[in-house]
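One structure is given here, and the rest of the page talks about it.
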Amino acid sequence: MKSLAWLFGGTLLICIAVMSPSCFGQDELAVFQCTVACAVSLVPALGTMAWALRAGNTPEQQLVAVLGGTVVRSGAVLASGFLLRAVLPEWFTQSFWIWLGFFYLVTLALETTLVLRAKGRATQ
């Protein structure tokens, strides 16, 4: 549970830090796209992290959690991005994909670090 809070808080802090220059530049579309990309990447990351933390300690269970989590996370983020782009193309321009890719990688790195730390503590 603590790791999920760290993922949530860390992602929000990075979102605020990256979004700050857009706020000062009065670029509302960039702020909006940044916020949506953060949320679209964070929700599946929280789900797959909870799954990975609950996975057993056998190699088979961990492999299923890692591979399944990868498919679920990337599928959810890509499907959400395509849906938003198709429904609201004037709000989600090409730059939205850059934001989405950035936050996908940020949440992936944070999740991986936090899961490895949590699993390392559990085995000690």
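Checked against (1) at pLDDT below 85; (2) under 19 Å from Glu111 (Cβ atoms), Gly25 passes all but a single condition, namely (2).
The set of residues from the range 103-124 being in contact (Cβ under 8 Å) with a residue 40 or more places away in the chain and more than 14 Å from Leu53 (Cα to Cα) comprises Phe103, Tyr104, Val106, Thr107, Leu108. Here Gly75 fulfils each of the conditions (1) crowded, with 18+ Cβ neighbours inside 10 Å; (2) in a helix (DSSP H, G or I) apart from (1). For the range 84-102, taking the residues that are under 25 Å from Ile16 (Cβ atoms) and free of Cβ contacts under 8 Å to residues at least 40 places away in the same chain, the one that is surrounded by the fewest Cβ atoms within 10 Å (Cβ to Cβ) is identified as Gln94.
Taking the condition of being loosely packed, with under 11 Cβ neighbours inside 10 Å and touching a residue at least 24 places away in the same chain (Cβ under 8 Å), how many residues in the range 3-17 meet it? Summing the residues that are loosely packed, with under 11 Cβ neighbours inside 10 Å and touching a residue at least 24 places away in the same chain (Cβ under 8 Å) in the range 3-17 gives 0. Phe92 satisfies every condition listed in (1) in contact with a Lys or Arg (Cβ under 7 Å, 6 or more places away or on another chain); (2) under 14 Å from Pro44 (Cβ atoms) except (2).
All of (1) surrounded by fewer than 16 Cβ atoms within 10 Å (Cβ to Cβ); (2) under 14 Å from Trp99 (Cβ atoms) hold for Gly81 with one exception: (1). When we screen Leu110, Leu105 for residues that are of a type in the set (A, V, I, L, M), surrounded by fewer than 14 Cβ atoms within 10 Å (Cβ to Cβ) and assigned to a helix (DSSP H, G or I), the only hit is Leu105.
When restricted to residues that are loosely packed, with under 15 Cβ neighbours inside 10 Å, without any contact (Cβ under 8 Å) to a residue 24 or more places away in the chain, part of a helix (DSSP H, G or I) and over 16 Å from the mean Cα position of the chain (by Cα), the range 18-63 contains 10.
The values are calculated or read from the model by the stated rules, or taken from the named source; none is laboratory data. What you are looking at is a predicted structure, and each value in this text was computed from that prediction instead of being measured. Virtual Cβ from ideal backbone geometry, glycine too; neighbours counted across all protein chains shown.
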